[in-house]
Amino acid sequence: MPVKSRRVSKRGGTSRRDRTPGSVKSPRGAVRSPRGARRSAGTAVRVLVLSGPNLDRLGRREPNVYGSTTLAEIGVALQRLAESLGARVDFRQSNHEGKLIDWISEAADGAADAILINPGALTHTSLAIYDALRGAGLVAVEVHLSNPAARETFRHASLVAPACTGIVAGFGAQSYELALRAVVSRVRGG
Ligand code: DQA
């Protein structure tokens, strides 16, 4: 189980030409991002996967709502799926808003091609995470194990969603896998 603010996997390289996300195919098999940088068609898509407050307690925390799968188990399943998709996942969790924002900034500066984020309760409160994602300009997917729209009214609004390409919610641990498939496909121009 990852501890707070700890990376679960090693990061990939950060060479300049690998950096820009949200790619569309260009002639000659290369991939051209909206910002104009090229990524070779065979290059692994680098996805930063962030989980916010209290998600380190998955498996023990309200299993009737969030299921019995631990965050570490989700991380292992994602690594396996990423391999089959030709992607690389950097899987991290923090209970601290600022830490999540720092990691989004690193992704924005070239450490990742896309972001998958379950902000936990910060979904409903964090203008700062919205700003960070907006500023990053990367393909981003908001993920939830539960379906917040079907729960208490204070969970219905997401401040983060408008900065995201899409949302996957309500499929338990599988939400992360569905979101990874979606984000990798979008970076590749799908
Ligand atoms: C959650 C939903 C949030 O409303 C809640 O605060 C969480 C988990 C989910 O994955 O279902 O911590 O993000």
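The values are calculated or read from the model by the stated rules, or taken from the named source; none is laboratory data. Note that the structure is a prediction, hence the values are computed from the model and not measured. Here the Cβ positions follow ideal geometry from the backbone for every residue, glycine too, while neighbour counts run over all protein chains shown.
Numbers below:
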{"read-out": "Tally of residues being under 21 Å from Val187 (Cα atoms) and touching a residue at least 24 places away in the same chain (Cβ under 8 Å) across the stretch 43-80", "value": "13"}
{"read-out": "Where a residue in the stretch 128-152 is more than 25 Å from Tyr66 (Cα to Cα) and touching a residue at least 40 places away in the same chain (Cβ under 8 Å) and its partner, wherever it lies, is assigned to a helix (DSSP H, G or I) and more than 16 Å from the ligand (Cβ to nearest atom), with Cβ under 8 Å and at least six apart", "value": "Gly137/Ala108; Leu138/Ala107; Leu138/Ala108; Val139/Val183; Val139/Arg186; Val139/Val187"}
{"read-out": "Subset of the stretch 52-82 (residues that are of a type in the set (A, V, I, L, M) and either out of contact with any Leu (no Cβ under 7 Å at 6 or more places or on another chain) or not in a loop (DSSP other than H, G, I, E, B) (or both))", "value": "Leu55, Val65, Leu71, Ala72, Ile74, Val76, Ala77, Leu78, Leu81, Ala82"}
{"read-out": "Within the stretch 146-159, tally of residues that are more than 10 Å from the ligand (Cβ to nearest atom) and within 14 Å of Ile117 (Cα to Cα)", "value": "1"}
{"read-out": "When residues of the stretch 102-161 are limited to those that are hydrophobic (A, V, I, L, M, F, W, C) and in a strand (DSSP E or B), the one nearest to Arg46 (Cα to Cα)", "value": "Ala114"}
{"read-out": "Sole residue being away from the ligand (no atom under 16 Å from the Cβ), closer than 18 Å to Gly137 by Cβ, buried (at least 21 other Cβ atoms within 10 Å of the Cβ) and at pLDDT below 95, chosen from Arg35, Arg39, Arg16", "value": "Arg39"}
{"read-out": "When residues of the stretch 82-111 are limited to those that are closer than 15 Å to Glu177 by Cβ and buried (at least 17 other Cβ atoms within 10 Å of the Cβ), the one nearest to the ligand (Cβ to nearest atom)", "value": "Phe91"}
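A quick yes/no check of all residues on (1) in contact with a helix residue (DSSP H, G or I) (Cβ under 9 Å, 6 or more places away or on another chain); (2) of a type in the set (Ser, Thr, Tyr); (3) modelled with pLDDT under 95; (4) within 21 Å of Pro63 (Cα to Cα):
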{"site": "Glu97", "(1), (2), (3), (4)": "yes, no, no, no"}
{"site": "Trp103", "(1), (2), (3), (4)": "yes, no, no, no"}
{"site": "Ala114", "(1), (2), (3), (4)": "yes, no, no, no"}
{"site": "Ala121", "(1), (2), (3), (4)": "yes, no, no, yes"}
{"site": "Tyr130", "(1), (2), (3), (4)": "yes, yes, no, no"}
{"site": "Leu133", "(1), (2), (3), (4)": "yes, no, no, no"}
{"site": "Ala161", "(1), (2), (3), (4)": "yes, no, no, no"}
{"site": "Val183", "(1), (2), (3), (4)": "no, no, no, no"}
{"site": "Gly189", "(1), (2), (3), (4)": "no, no, yes, no"}
